[in-house]
Structures are given as structure tokens and as C-alpha cells.
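The values are calculated or read from the model by the stated rules, or taken from the named source; none is laboratory data. The model shown is predicted, which means the values in this text are computed figures rather than measured ones. A quick note on method: Cβ atoms are made from the backbone with ideal geometry, for glycine too, and the neighbour counts reach across all protein chains shown.
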Amino acid sequence: MSGSSLRDAVDVMALAARVKAGDPRAVSRLISLIENHDVNGTAVLDRLEGPALHAEVIGVTGYPGAGKSTLIDQLASAYRRQGKKVAVVAVDTTSPISGGAILGDRIRMQEHTLDPGVFIRSMATRGTHGGVAGATRDAVRVLEAAGYQVIFVETVGVGQNEVDIVGMASTVVTVVAPGLGDDVQAMKAGLLEVAQIVVVNKADREGAESAAADLKEWVPRLVRTVAVKGEGIPELIEAIAEHQRIVDLQGKRS
Ligand SMILES: Nc1nc2c(ncn2[C@@H]2O[C@H](COP(=O)(O)OP(=O)(O)O)[C@@H](O)[C@H]2O)c(=O)[nH]1
Ligand SMILES: [Mg+2]
């Protein structure tokens, strides 16, 4: 064994230990290794496997501007009040030019960046198809191993994009909002496929009531929110908890 691979092996063990201890810098570094397809990233991942972990992985999906980030911000605060460690993975499916959306998310989440119990990370999909890159799945595993109890995965899209998210999330929340020009009819097929909870956000806006009425019979659970004011957040928390209870009863989570 060469000197350098010996050193790498030691790094791998140390990094795995730090991740398991919940060190956010180690978590960040490992996710970067994974994003860069670094072999050491895979080696560390392999060392994280342990007894079954029970993070709630909540996929939040919907068109850009629907209010996903604002909702996650509110939900994160609510889960923090419950004493849970929270992580947010925002998957950027947009072109690098529109990176402003991610910056906006950062600013919005700023209050949480001072809280060591919240970890926020943006991931690039690097042109892979589907709303969620393979690296995101690994990032969720890392966060779970690091002891985050609630992990949000924010991803753009309504429809086939979320098929990826279904496999990794224990609950999928689809966010719609009036005035985005989104076609409710076109959305229904996608919603029926993946949505366990549909949020009609921007309930303060015109058109929210008719959107909700139109969707109600198509989706298992519908919650109206005004994310900017925190309205409907307790109801959404309850809907998520209710869904998690069903999932637990069905024993679908490992
Ligand atoms: N009027 C209104 N605006 C909202 C609401 N929720 C979010 N917004 C605004 O909608 C815009 C997009 O929100 P954002 O959370 O970034 O959407 P995302 O692209 O789905 O993550 C922002 O300017 C928010 O302030 C709401 O309930 N009512
Ligand atoms: Mg967003």
C-alpha cells in the first residue's frame, strides 16, 4: 500500500467518525466529495452503514415560485421548536444562470444559519435527468447518519420529476400556488402519481380557493397555507405526522 492511500484510509475513517458524531463541517465535506464523485466519498459512505436510522425525509416539490423554500423555512422553525435536528437539501435543477433562486433561498434561510441544529445545502444536478440527482440520495444518507431527524429535499417540478424523490422521501409534499400560470389539469396526473399531501400555498391570493376546490377530489390530503405569514403550518405539520404514522404502521420505512 502506498503512503498516500494509507493516509486516505485514515482520512476516511476520521471523516466517517466525524460525520457520525454530527460535525456539520464533516457532513459538508463528505457531501462535496460525493458531488465530485471522489472515491473517498464512497469509502466514507460505506463506513456510515449502521443500525436502521429513522429520519423523516420530507420531499417538497412544485413549480418555481410556489413557495417551497418559504414553507420549508417555516416548517424548519416548527420542527426546531420540537427539538429536532433539521437538514434542508435544495436541489438546483435550474441552469447556472438562474442561480439567483438559490441565493434567495440562502437569504431566506439566514435565521437558521445561526442555528447549529439546522444544516442547509444546495446541490447541483449537473444535467442529470429527473428532479433529484443520485448524489442527493447519498447526501440524505449522510445527513441521516449525522443524526438529522428531519430532512427536507426541495426539488422543482410537478409531474415526472418527482419520481426520483418518491424513493427517498417518506412523505412527499407537492406545493401549488395560484397565479403561476400552472395548468391544474396538466398537474393532476402527476399529483395522482406522487403526492401524498398537496399544499395550496398563497391562500391569500386570488384563485387559491378555486385551485383548492379543483384539486380536492384528486389528492389524498390538501392543506391551505400562507407560508409568508406562517398560516396553515400547524395543519401541514399534522398532515405530515399523520402520513408518517401510516407509513410506520405499514412498515415501509427501514
Ligand atoms: N402572497 C404570498 N407570497 C408568498 C407566499 N409564500 C411564498 N410567497 C412568495 O413567493 C415567492 C417565491 O417563494 P419561494 O419560497 O422562493 O418559492 P420556491 O421557488 O417554490 O422555493 C417569494 O417572493 C415568497 O415571498 C404566500 O403564502 N403568499
Ligand atoms: Mg426554493
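Tabulated data
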item: Residue satisfying all of: in the range 50-68; surrounded by fewer than 23 Cβ atoms within 10 Å (Cβ to Cβ) and within 6 Å of ligand 1 (Cβ to nearest atom); modelled with the lowest pLDDT among these; result: 64
item: Scope the range 227-248; condition buried (at least 18 other Cβ atoms within 10 Å of the Cβ) and over 17 Å from the mean Cα position of the chain (by Cα); matching residues; result: 232
item: Odd one out for residue 244 among (1) at pLDDT 90 or above; (2) within 15 Å of ligand 1 (Cβ to nearest atom); result: (2)
item: Close pairs from the range 221-240: first within 16 Å of ligand 2 (Cβ to nearest atom), partner not in a helix (DSSP H, G or I) and not β-branched (Val, Ile, Thr), Cβ under 7 Å, at least 6 apart; result: 225/201; 225/203; 225/231; 225/232; 227/67; 227/201
item: Residue match in the range 65-75 (condition: touching a Lys or Arg at 6+ places or on another chain (Cβ under 7 Å) and not in a helix (DSSP H, G or I)); result: yes
item: Members of the range 67-93 that are within 15 Å of ligand 2 (Cβ to nearest atom) and farther than 21 Å from residue 202 by Cβ; result: 89, 91, 92, 93
item: Subset of the range 23-49 [among the basic types (Lys, Arg) and buried (at least 22 other Cβ atoms within 10 Å of the Cβ)]; result: none
item: Number of the exception - residue 174 against (1) in contact with a helix residue (DSSP H, G or I) (Cβ under 8 Å, 6 or more places away or on another chain); (2) away from ligand 1 (no atom under 16 Å from the Cβ); (3) at pLDDT 80 or above; result: (2)
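Per-residue answers, yes or no, for (1) modelled with pLDDT under 85; (2) assigned to a loop (DSSP other than H, G, I, E, B); (3) buried (at least 17 other Cβ atoms within 10 Å of the Cβ); (4) not assigned by TED's automatic domain parsing to the domain that holds residue 33:
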residue: 104; (1), (2), (3), (4): yes, no, no, yes
residue: 120; (1), (2), (3), (4): no, no, yes, yes
residue: 127; (1), (2), (3), (4): yes, yes, no, yes
residue: 131; (1), (2), (3), (4): yes, yes, yes, yes
residue: 148; (1), (2), (3), (4): no, yes, yes, yes
residue: 167; (1), (2), (3), (4): yes, no, no, yes
residue: 189; (1), (2), (3), (4): yes, no, no, yes
residue: 193; (1), (2), (3), (4): yes, no, no, yes
